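Since the structure comes first, as structure tokens, the remarks are kept for the end.
The values are calculated or read from the model by the stated rules, or taken from the named source; none is laboratory data. This one's a predicted model, so the numbers in the text were calculated from it and none came from an experiment. Positions of Cβ are generated from backbone atoms using ideal geometry, with glycine treated the same way; all protein chains shown enter the neighbour counts. With ligands, DNA and RNA removed, areas are computed over all heavy atoms of the protein, side chains included. Shrake-Rupley method; radii C 1.70, N 1.55, O 1.52, S 1.80 Å.
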Amino acid sequence: MAAPILEDWEITAALSDLTDWLIQQGLENTPVENWLDGFCNRLAAAGIPLQRVSVAMQAHHPEIGAVAFRWNRDGENEREDFQRSSETTEEYLLSPIYYLLSHKTDEIRQKLNVQNPALNFPIFDDFRELGATDYFAAKRLFLREDNAASVDPNQAEEGVVISLTTDAPDGFSDAHLDGLRQLLPPLCLTLKSAANRQMAEDITAAYMGRDASKRVLSGDIIRGSSQTISAVIWYFDLEGFTKLSETLPGTAIIDMLNDYFAVVVDVVESHGGNVLKFMGDGLLAIFDMDQIPDARRVAIGAGLELRGAFASLNEQRASDGWVTTGFTLALHAGDVLYGNIGGKTRLDFTVIGPAVNTTSRILGMCSPLDQTIVISAKVANPLLESVPELVSLGQYRLRGVRDRQELFTLD
């Protein structure tokens with residue numbers, strides 16, 4: 001049922017209150033999916049007869065290119081993430097959003113209950129089946145003054161596209177659309193505030209890891225600041241990378257690294273670990289003992305899973321005619337300093353300490369011992385009775401490490 005239509009002056013007063021409310025949502029950094037429902041219900045209460053509202057924005061995420069939030073008066077609200085892709089779907093090409101972005105206009109409006117409409121898109125038939133009578137969409141670009149400028153719909157700039165439908169018999173009135181246009185600046189400011197925060201979280205998580213990202217965004221950014229944590233340390237390395245990099249073209253090397261690193265990161269993160277950094281063909285990760293119950297067992301389980309995941313990936317790569325390789329992995333446990341290290345204007349959030357150095361030396365033992373996975377006694381000893389796959393390799397002196405180390409592998 002459509003919302004009642006109030007007098008124009010009442011709409012104006014209600015929209016003024018809604019502007020203040022929107023700004024407060026931005027100041028409080030309320031997630032879009034939380035405030036969109038309240039926004040649409042307030043619009044309807046102000047007399048603007050809404051049936052459906054969609055808000056679409058660019059995403060700064062390695063895998064997600066755009067995100068849409070949708071409010072439905074008679075159904076479930078939803079969020080849809082659009083994966084990055086080199087191909088443009090036919091559905092998007094034939095959408096009003098693609099048309100709006102690619103044309104020199106800041107808005108489009110089409111009555112849906114008229115013969116021979118000037119604008120028609122396949123999705124309009126879906127709206128008509130739901131009883132929609134009118135469609136309005138507007139784009140606002142965050143980094144441009146000219147919102148009517150055309151942009152590449154496949155490389156959309158920072159901004160927002162909002163679209164609305166109504167099932168009111170006469171559609172949207174001029175007063176309704178004027179009210180909506182009045183709300184676009186505070187709406188975009190609130191959305192930009194949310195987008196900037198989400199962008200910061202997504203980018204720092206992608207480049208620093210999830211845990212380090214949270215710590216940095218919460219204010220842990222002072223050079224030299226650190227804390228001592230107990231962790232299981234993972235040092236991972238691809239086998240034969242130097243030789244491969246000398247024989248394969250650069251694009252093949254990048255594709256290979258991405259394939260293998262994707263598997264490693266998925267395994268580490270699915271077990272609650274944190275990937276701290278990539279080092280050429282290597283990777284450093286930790287499993288925080290204070291955050292992960294039984295972190296030693298979890299880290300060893302991740303190593304076993306990684307072995308199976310590599311076998312599956314290599315089988316797939318071989319069937320596609322691509323080069324395959326193996327890996328080496330060292331596990332050690334101990335106290336590490338976790339925090340900010342670096343120069344005045346370029347910092348790294350990582351771990352340092354004797355335990356990290358020892359892990360590196362253990363990794364160097366994989367080749368001499370002809371083992372894929374080598375584990376220190378500090379990880380293995382507490383689990384010897386419950387993890388039968390653990391097998392001792394004997395005691396060894398490691399370069400730069402004072403005490404002899406008993407090393408283990410997984411049978």
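Listed highest first by mean packing, meaning other Cβ atoms within 10 Å per residue, what order do 89-102, 387-400 come in? Before the final figure, lay out each step's value.
Numbers: 89-102: 15.6, 387-400: 13.2.
Going from most to least packed, we get 89-102, 387-400.
Positive end of the dipole of the chain, charges at C-beta (+1 Lys, Arg; -1 Asp, Glu), about the Cα centre: which of W322, A302, M289 has its Cα farthest in that direction?
Most positive-ward Cα: M289.
Considering amide H positions built from the backbone, and no H for Pro or chain starts, which residues 5 or more places from N77, or on another chain, come under 5 Å of its amide H?
Those lying under 5 Å, H to H, from N77 are N72.
Let me know the shape class of the stretch 235-345, please: from the alpha-carbon gyration tensor, a ≥ b ≥ c as square roots of the eigenvalues, rounded when a/c is under 1.5, otherwise prolate if a/b is greater than b/c, or oblate.
The shape class here is oblate.
Sorted from largest down, give the three principal axis spans of the alpha carbons of the stretch 11-113, whole angstrom values.
Between the extreme Cα coordinates on each principal axis of the stretch 11-113 lie 45, 38, 30 Å.
With r as the distance between the Cβ atoms of T345 and D174 and R0 = 41 Å, compute the FRET efficiency 1/(1 + (r/R0)^6) and round to 0.05.
So, using R0 = 41 Å, E works out to roughly 0.15.
How much mean residue ellipticity at 222 nm does the chain get from its helices, if each DSSP H run of length 4 or more adds -39500 (n - 2.57) and you divide by all residues, to the nearest 500 deg cm²/dmol?
Working: 12 runs with 163 residues, N = 411.
Calculated at 222 nm, the ellipticity per residue is -12500 deg cm²/dmol.
Please check: in the Gaussian network model of the chain (C-alpha springs, under 10 Å), which one of P31, P186, P117 has the largest mean-square fluctuation.
P117
Please list, ordered by chain and number, the residues whose modelled amide H lies under 5 Å from the amide H of A66; skip anything fewer than 5 residues away on the same chain.
When sequence neighbours closer than 5 places are left aside, the close amide H contacts are A59, F82.
Please figure out what share of the DSSP beta bridges in the chain is antiparallel and state it in percent, rounded to the nearest 5. Mind dumping the intermediate values first?
Working: 71 of 74 bridges.
Percent antiparallel among DSSP bridges in the chain is about 95.
Of the heavy-atom accessible surface of the chain (probe 1.4 angstrom), what whole percent is carbon and sulfur?
Carbon and sulfur together cover 50 percent of it.
For Kirkwood radius over Cα pairs in Å, which listed value, [x] 22.3; [y] 25.2; [z] 21.7, comes from the coordinates shown?
Label [y] holds the value from this structure.
Any chance you could list P(r) for the stretch 166-279, counting all Cα-Cα pairs in 5 angstrom bins from zero, rounded to whole %?
2, 8, 11, 13, 12, 11, 9, 8, 6, 6, 6, 4, 3, 1, 0
How would the stretch 273-315 be classified by its alpha-carbon gyration tensor: rounded, prolate or oblate, with rounded meaning a/c under 1.5 and the a/b versus b/c comparison settling the rest?
It comes out oblate by the Cα gyration axes.
Throw me the Rg/Rh for the stretch 312-359, computed over C-alpha atoms with Kirkwood Rh, two decimals.
1.27
Work out from phi, with θ = phi - 60° and the Karplus expression 6.51 cos²θ - 1.76 cosθ + 1.60, the ³J(HN,Hα) of each residue of the stretch 326-338, listed in order in whole Hz, and give x for Gly and Pro.
Using θ = phi - 60°, the values come out as x, 8, 10, 8, 10, 10, 8, 10, x, 7, 9, 8, 10 Hz.
Which whole DSSP H helices in the chain pass both tests: a Cα extent of 15 Å or more along the axis and a mean Kyte-Doolittle value no lower than 0.5?
Passing helices, by number: 250-270.
One-quarter of the Cα convex hull surface for the stretch 272-411, in nm²?
Answer in nm², one decimal: 10.4.
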